[in-house]
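Take a look at the structure below.
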Amino acid sequence: MNTSNLLPKKILVNKIVHKLFCRKATLKDMRLYYNWANEPKVRKNSLNNKYISWNFHKKWFKKKIQSKKR
């Protein structure tokens, strides 16, 4: 039995469609980014795997969103 025709159908049946969009980060996003950055799997796979303090993150985040290069 040739199953090559079944695979694309299976993927399409199980596919979940989400609408995504991009926007620039704002100060309102600071806590969300902080939480993401300190997720255990993120820390484990980062160049620097140490926990990020809230004070350090606030300074870094404010600097990044004010940067002309973003």
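The values are calculated or read from the model by the stated rules, or taken from the named source; none is laboratory data. These numbers come from a predicted model, not from an experiment. Calculation scope for accessible area: heavy atoms of the full protein, side chains included, ligands and nucleic acids excluded. Shrake-Rupley method; radii C 1.70, N 1.55, O 1.52, S 1.80 Å.
Points to keep in mind about this one:
- Taking F61, F56, F21 and ordering them by how much accessible surface each has at a 1.4 Å probe, largest first, produces F21, F56, F61.
- Accessible area (Å², 1.4 Å probe, nearest 10) - L32: 80
- Chain lengthening between F21 and S67 when straightened (0.36 nm per residue, less Cα-Cα): 14.4 nm
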